[in-house]
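Just so it is clear, none of the values below were taken in a lab; they were calculated from the coordinates. If you're wondering where the values come from, they're calculated on a predicted model, not measured in any experiment. Using ideal geometry, Cβ is built from the backbone for each residue, glycine included, and neighbour counts are taken over all protein chains shown.
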Amino acid sequence: MATLKKSARKKSASSAQQDNLQAQAQRLSKNLSESAQQVWLAGVGAFGRAQAEGSKLFETLVKEGLSLEQTTRKLAGGRVDAVRDAVESTVGQARERASDTWDRLEKVFEDRVQRALRRLEVPSREDLGTLIDRVDALNAELRRLGGVPPRASRPARPHPP
């Protein structure tokens, strides 16, 4: 009979443990479902508030964005002017140097062409002007000596500078 009592005690102890575990499971299940319900209600409340205040929040964000953009433009505008002035100054200096270099290159080219023409014994502009003046003077002298009336005067040719 002692064995029966031991097994009865074991059964009653295990039954109590089972009841205790079942009660804990029920409490846990109840707590979980209450928490889930609260989370759901919080989400629904947040959604409702977002709908109600969403347009106000959007307008506020747009105003803040405009203010930031204006501030940024003012800061950048001053810097852009400084950079533009620096670039224009640098470009002006480069343009002057290029112009000077071009002028020197042009002068060297003209001098070399002039030397080549002299080597080939091609008369210069001054030489041609002097020759024209001499021909005109000789024609005038011939007319004066020969008594030939002067022809219609032709326009004077410009002399090179």
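For labels at residue 51 and residue 73 in the simple 7 Å Cα→Cβ model, what's the distance in nm?
That separation, rounded to one decimal, is 3.7 nm.
What is the sum of charges, Lys and Arg at +1 and Asp and Glu at -1, for the other residues whose Cβ falls under 14 Å from the Cβ of residue 93? It would help to have the intermediate numbers written out before the result.
Working: positive: 95, 97; negative: 85, 88, 96, 100.
Counting the neighbours of residue 93, the net charge comes to -2.
Expressed in nm to one decimal, what extension gain is obtained for the pair residue 63 and residue 26 from 0.36 nm per residue of sequence separation less their Cα-Cα distance?
Details: separation 37, 0.36 × 37 = 13.32 nm, distance 5.32 nm.
Here the answer is 8.0 nm.
Please report how far the C-alpha centroid of segment 112-134 lies from that of segment 21-83, rounded to the nearest whole angstrom.
Centre-to-centre (Cα) distance: 91 Å.
Can you give the Kirkwood hydrodynamic radius for segment 50-98, in Å, rounded to one decimal and based on Cα pairs?
Values: mean 1/r = 0.0717 Å⁻¹.
That comes to 14.0 Å for segment 50-98.
On full extension of the chain, what length is gained from residue 139 through residue 114, given 0.36 nm per residue of separation minus the C-alpha to C-alpha distance? It would help to have the intermediate numbers written out before the result.
Working: separation 25, 0.36 × 25 = 9.00 nm, distance 3.08 nm.
This chain segment gains 5.9 nm when fully extended.
Just how many % of Cα pairs in segment 16-116 lie over 17 Å apart, if you round to the nearest whole percent?
On the way: 4010 of 5050 pairs.
When all Cα pairs of segment 16-116 are counted, 79 percent exceed 17 Å.
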